[in-house]
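Quick one: the structure is below, and I'll ask about it shortly.
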Amino acid sequence: MIPLAIDYEKVTREDARLIILRALSEQTNDSLASSTLEVVLDAFVIRKDRDWVHDQMAHLAEHGAITVVDAGTIRIGTITQRGWRHLQRELVLPGVKRPTVAIQRVIS
């Protein structure tokens, strides 16, 4: 039997980054505070502290997917055009899970 070597921490980071992008994209102003992102991630059973969330935001910012502004002990993330393009599957961001293809039903 072949052992399954799955890096669950890597999978969790990649999932969380996609969830963050999607959460930002759902906002009228394309922005959320890291404290709110903690709650969003918790809904997907990703229970991590704020520093971990800040690390994921930093990764997304390094790849141009979001901008980050410090606001006291929290950070405000705003999705960029590059982040939107990842969600639309027009480009691939390293370390971010690819969104699933939306299957649209064609009615003839």
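Report, to two decimal places, the Cα Rg of the chain normalised by 2.2 N^0.38 Å (N = number of residues).
Normalised Rg, Cα atoms only: 1.15.
Then there's this: Place +1 on the Cβ of every Lys and Arg and -1 on the Cβ of every Asp and Glu in the stretch 8-87, take the dipole about the Cα centre, and give the residue among ALA23, VAL11, LEU87 whose Cα lies farthest towards its positive end.
Value: LEU87.
What distance in nm separates the two pseudo spin-label positions at LYS48 and SER35, each 7 Å out from Cα along the beta-carbon direction?
2.0 nm
Turning to a different aspect of this structure: Quote the FRET efficiency, to the nearest 0.05, computed for VAL69 versus ASP7 with a Förster distance R0 of 25 Å and r equal to the Cβ-Cβ distance.
Result of the calculation: an efficiency of 0.20.
For the stretch 8-87, what is the charge dipole size about the Cα centre, in debye to the nearest 20, if Lys and Arg each add +1 at the Cβ and Asp and Glu each add -1 at the Cβ?
200 debye
Here, each number is a calculation from the coordinates, and none is a lab measurement. Worth saying up front: this structure is predicted, and the values here are computed from it rather than measured. Virtual Cβ from ideal backbone geometry, glycine too; neighbours counted across all protein chains shown.
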